Amino acid sequence: MDFEALFKQFLSGDVAQQASILRSLVIFLPELVLSGSIVLMLAARLVSLDRIIPTHWFALLGAMASFVIVLFQFWQFGQAQTAPVEVFTGLAIHDEFSIFFRGFLTFFLVFVIALTVLTGIPDDEDAPDFYSLLSGAVVGMMLMSSANHLLMLFIGIEMASVPSYAMTGFLKGKRRSSEAALKFVVYGAGAAGVMLFGISLLTGILGTAQFSELAPRFQAVFANHAGMQDPATRCVVLALLMITVGFAFKLSLVPFHFWCPDAFQGAPAEVGGFLSVGSKAAAFALLVRLTTSLAGDGTGALSQLSLSSGLALGLIAIVTTTFGNLAAYSQKNIKRMLAYSTIAHAGYMLMAVSALLVLQSVQSDLVFQGNHQQNGPRAMEGLLYYLCVYLFMNLGAFAIVALIRNQTFSEEIDDYKGLAQQVPVLAICMAICMFSLVGIPPLGGFYGKAFIFASVYEATNVHWFMWVVLATGGLNTVISLFYYLRVAKTMCIDARPADAAPVTLAASSSPALYVMLVSGMVVFLGIIIDPLSKVALHAAHALF
Amino acid sequence: MGEVGLNAYLTVGAVLFVCGVVCMATKRNGIGVLMGVELVLNGANVNFVAFSRFTSLGLDGQTIALFVIVLAAAEAAVALAIALNFYNNHLTIDVDRGNELQG
């Protein structure tokens, strides 16, 4: 179909087509509401309305409204049991999985905005800029989680990345902040360029950019090609490698993790918390969507593709967790330590994706068929549960760092000595978050890890390499114990030096309540697992 | 004159890509690195348009190329603002001079 025909069709106003556009817009409502709140914020400054109503109220209301709409969509989906809907002529897809992630991201946005209000990181002058960047990044992440087309994949990643660069350098006068932003933008733009070149090769060889058609086209192209001698095979492998570079950058996987510690140390702690949870979650959603649609039904050439990419991701996961944990051990700055811990956690979550792909590769095999119906969704359930717990424990840790920074102007772990004597609330909540990051029962982090390790264990039936992944995961949990507990010990057991800056925080003040709420959720998710894991499993089933 | 085939276009795209990557890897000037990124993006764009002309990709390829041009402009705007901010604080845009964050 050429352009003229398309244009005529649009003008002639095909009723069915207009109805489908209208329906897409209704489904797209959460994103539209968020974008509307951005416009409102900027317009409010134009007429000096922000001097009467603080900008964060616009941002907060927009985020809450879009979260409520996503909840309504979830309820609607549960009522009607409808099949996944392709919106905007197949560019995006609307199913339980995308609803889950959009809900996750808008919920997270509400918490981040609340945190920035409590710590006061953007002053009144900069607030419209900051909140429009924040909401804009979340719109990009929501697009990532519902992408169904390689163009959407790239747009989503860019829309999430570009505001993140600007937010990292948000403290304009600080040398470190500007250095962090420059490193982030240089690495990020480079990775995005390489990824785009990979996408161009992949679309060219397969002749489509639609996720749902990737697997059938792959089958057709490689039906009678054999091995790596074939140029088409080599080209696809190259394209997949280049796309992996882009994902590895977003997920801060080794060897594309260099930006992460620098960006987190230079950026305000609030932005660090946002990047470590939001962009990771969205990138995992996108990675899972792309890999499951590439793996398709796992027959013939697809089985080989799925198995080898699963094992490759497993290898990356091993290196990433080990590196992250070892590097975190020697850090003195708490934000840098949390950045390395973020790298390590991305590795754990990647293990779930690796297990999923390895399990997918045998789904047409009769021996495994009985188990498969459950195992694939189980691996996904683990990933989703982990992400939810990770939201609270990481946000809690970064929030505490920000609150302490506001009083002592320091982010060195040594300056946290004996804080339990002055602010027991912060010390206890930090200890909860740290224990949960290690994965000690009965906190939420334990169940996240347990679900993921269980699905890796299932995958060991398919390939021996998954034993290595499982063993590394277990070993790393032990290594991580030392540096997480060091923070807890510094805060709770050591004595406060006499010359240290005093920290005060009333237990009933709103920052204290916020921190207690977030770390309370970590404990809650460790005790009452069923509701969330059921929702996660339900969302996971949408992909299979 | 014979028709110029798909391979010729892909070669141009690949050469642009390699130039861009070499530029990103060797330049110490921040603006130079960003120019390398533009080369890589445009190499990919040549690929997209060539594939849309010669393969079953169709209109998708050209649409993607248009979107990429817009995204590249947006990214360049933010990147230049960040480079300017770096210059204001460090009085240089040499990326190697950003070495305060280590550990």
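Here, each number is a calculation from the coordinates, and none is a lab measurement. Quick caveat: nothing in here was measured; it's all calculated off a predicted structure. A quick note on method: Cβ atoms are made from the backbone with ideal geometry, for glycine too, and the neighbour counts reach across all protein chains shown.
Structure values in brief
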| item | result |
| --- | --- |
| Index of the failed condition, A:ALA263 passing every other in (1) assigned to a helix (DSSP H, G or I); (2) more than 14 Å from every other protein chain (Cβ to nearest Cβ) | (2) |
| Extreme residue, surrounded by the fewest Cβ atoms within 10 Å (Cβ to Cβ), among residues of region A:219-254 that are in contact with a helix residue (DSSP H, G or I) (Cβ under 9 Å, 6 or more places away or on another chain), within 14 Å of another protein chain (Cβ to nearest Cβ) and not aliphatic (A, V, I, L, M) | A:CYS235 |
| Single condition A:SER178 does not satisfy, out of (1) under 25 Å from A:LEU350 (Cβ atoms); (2) within 8 Å of chain B (Cβ to nearest Cβ) | (1) |
| Any hit, region B:70-87, residues being facing chain A (nearest Cβ under 8 Å), surrounded by 14 or more Cβ atoms within 10 Å (Cβ to Cβ) and not in a helix (DSSP H, G or I) | no |
| A:SER132 within 10 Å of chain B (Cβ to nearest Cβ), within 30 Å of A:LEU513 (Cα to Cα) and assigned to a helix (DSSP H, G or I) | no |
| Criterion (crowded, with 24+ Cβ neighbours inside 10 Å and at negative phi) met by exactly one of A:SER293, A:SER330, A:SER306 | A:SER306 |
| Considering residues of region B:22-38 that are at the interface with chain A (Cβ under 8 Å from one of its Cβ atoms) and aliphatic (A, V, I, L, M) only, the residue nearest to A:LEU153 (Cα to Cα) | B:VAL37 |
| B:CYS19 vs. criteria in a helix (DSSP H, G or I), surrounded by 14 or more Cβ atoms within 10 Å (Cβ to Cβ) and away from chain A (no Cβ under 11 Å) | yes |
